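What follows is calculated from the coordinates using simple rules that are stated; it is not laboratory data. What you see is a predicted model; the values in this text were computed from it and never measured. Counting neighbours? That spans all protein chains shown, and the Cβs are built from the backbone with ideal geometry, glycine included.
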Amino acid sequence: MRAEAQVLKGHLDTLLLASLANGPRHGYAVREALRAGSGARFDLPTGTIYPALRRLEAAGLVKGTWSEADGRRRRTYALTPAGHRRLTRDRASWRDFAAAMSAILEPAP
Amino acid sequence: MTSPLIAGYLAGLRRRLPAGIAEEAAGGLIETYEHHLAAGAGEQAAARAAVAEFGDLEAVVSEFTRQAPGRRAARMLLATGPVVGSCWAAALALSRAWTWPVPAVARVSFGAVLLLVVLALAAAATSRHSYQRTRLTAAASPVILILDAAAVAATALAAPALTAALGTAVGASLGRIALTAWTLPRLAAR
């Protein structure tokens with residue numbers, strides 16, 4: 001479990017960018033999207049998602065804006081053009097990596 | 001309306017993090033708490049579940065601190081120190097800078113301010129649990145800019161001749177002025 005958490009941490013940026021691919025989300029919704037999308041397997045502490053989103057924002061990959069809905073102020077994040085490009089690149093390299101791993105771990109009979 | 005556990009956590013976030021960041025994280029914790037309440041948990045159970053899901057306060061503050069722009073900028077600026085410093089050390093030694101008409105008080109002040117700036121940046125770069133400490137970079141960066149500009153100005157005014165080594169050192173300082181100026185807006189209000 002600990003090893004999986006480490007692996008997950010290494011891919012956190014890509015997962016966060018992917019969770020914003022279909023439109024802007026706030027931190028809690030990002031966490032819920034990752035949890036739901038992974039069948040509850042990726043259950044990251046919500047508190048680690050906010051600092052990571054801030055870091056991605058400082059790197060220019062996402063843009064955060066405050067909005068108000070139901071009397072509650074939330075910071076919503078959207079991918080920037082640079083974020084879209086990074087996600088496309090990350091997806092391609094993940095596909096290559098996963099294909100190579102599968103070829104070794106599950107060779108064709 | 002909220003449990004003492006949640007209220008204490010929110011107070012901790014607000015005490016230890018800048019207002020905007022604390023507000024965002026607080027919103028996330030409240031939402032997690034309300035989610036558990038809506039799912040039928042009692043106040044205390046919902047609060048405990050929300051905190052467990054969110055991560056303990058120390059871990060959350062440490063994570064924000066580790067990824068703070070001030071901490072990253074301090075590391076980057078500290079890394080330029082040996083490069084720019086050795087360019088100046090070599091250039092000033094070759095130009096026999098101790099013979100330049102620069103008042104002793106100016107030399108000592110420059111050295112003292114430089115030392116303070118390096119200490120402030122080192123404190124920001126190594127901070128692990130205090131977000132406030134990472135904000136020292138925002139205070140130190142304009143001073144670096146001034147020190148670099150002062151070194152360039154002193155060379156222009158006091159150097160008897162512009163050697164290649166001095167040119168390189170001036171170039172290194174101008175490069176760092178550009179880097180610092182680029183960093184500054186990213187540190188404002190963070």
ask   = How far is helix B:4-16 tilted off the main Cα axis of chain B, in degrees rounded to 10, range 0 to 90?
value = 10 degrees
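Under the rule a/c < 1.5 gives rounded, and otherwise a/b versus b/c splits prolate from oblate, where does chain B land using the Cα gyration tensor?
It is prolate, given that a/c is not under 1.5 and a/b is the larger ratio.
Using only alpha carbon pairs under 8 Å that are at least six residues apart, calculate the relative contact order of region B:1-158 and give it in whole percent.
Working: 123 pairs, mean separation 43.0, N = 158.
Relative CO of region B:1-158 lands at 27 percent.
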inquiry  = Using only alpha-carbon positions, what ratio does the radius of gyration of the protein assembly as shown give when scaled by 2.2 N^0.38 Å?
reply    = 1.29
Spin-label model distance (nm) - residue B:15 vs residue B:89, 7 Å beyond Cα toward Cβ = 4.4 nm
request  = Would you kindly compute the Cα radius of gyration of region A:2-105 and its largest Cα-Cα separation (Dmax), both in Å?
outcome  = 14.6, 53
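Hey, what did region B:4-64 get for relative contact order, percent, Cα under 8 Å, at least 6 apart? Let's see the in-between values first.
On the way: 35 pairs, mean separation 24.2, N = 61.
Reported as a whole number, the value is 40 percent.
Going by how many other Cβ atoms sit within 10 Å of their own, how do B:88, B:100 line up, fewest first? Could the numbers behind the result be given before it?
Working: B:88 21, B:100 15.
With the sparsest Cβ surroundings first, the list reads B:100, B:88.
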key: Spacing of the two label points (7 Å from each Cα toward its C-beta) at residue B:102 and residue B:75, in nm   = 3.2 nm
message = If R₀ is 25 angstrom, what is the calculated FRET efficiency for the pair residue B:116 and residue A:78, using the beta carbon separation as r and rounding to 0.05?
response = 0.05
ask   = Size of the dipole of chain B about the Cα centre, Lys and Arg at +1 and Asp and Glu at -1 on the beta carbon, nothing else charged, in debye to 20?
value = 800 debye
key: Calculated [θ] (222 nm, deg cm²/dmol) that DSSP helices of n ≥ 4 give over chain B, each run adding -39,500 (n - 2.57)   = -27000 deg cm²/dmol
ask   = Label point 7 Å out from residue A:14 along Cα-to-Cβ: which residues of region A:69-95 have amide N under 12 Å?
value = A:87-95
message = Under 8 Å for C-alpha pairs, at least 6 residues apart: give me the relative contact order for region A:35-109, rounded to a whole percent.
response = 18 percent
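Provide B:170, B:113 in ascending order of the number of other Cβ atoms located within 10 Å of each residue's Cβ, fewest first.
On the way: B:170 20, B:113 15.
The fewest-first ordering by Cβ neighbours comes to B:113, B:170.
Wrap a convex hull around the Cα atoms of region B:1-79, take a quarter of its surface area, and give that in square nanometres. Show your work: numbers first, answer last.
On the way: hull surface 21.6 nm².
Averaged projected area of region B:1-79's Cα convex hull equals 5.4 nm².
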ask   = What net charge do the residues around residue A:47 carry, taking every other residue with its C-beta under 13 Å from that of residue A:47, with Lys and Arg at +1 and Asp and Glu at -1?
value = -3
message = Between residue A:40 and residue B:150, what is the label-point separation in nm under the 7 Å Cα-to-beta-carbon projection?
response = 6.2 nm
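Averaged over peptide A:58-65, how many Cβ atoms belonging to another chain are found within 10 Å of each residue's Cβ? Can you show the working numbers first?
Details: counts 8, 2, 1, 0, 0, 0, 2, 0.
Whole-number average of other-chain Cβ neighbours for A:58-65 is 2.
With 10 angstrom as the radius, rank B:2, B:168 by how many other C-beta atoms surround their C-beta, starting from the fewest.
Sorted ascending by nearby Cβ count, the order is B:168, B:2.
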task = Take every residue in peptide A:71-79, count the Cβ atoms of other chains within 10 Å of its Cβ, and give the average of those counts.
result = 2
task = Rounded to the nearest 10 degrees, what's the angle between the helix B:19-38 long axis and the longest principal axis of chain B, both from Cα atoms, 0 to 90?
result = 20 degrees
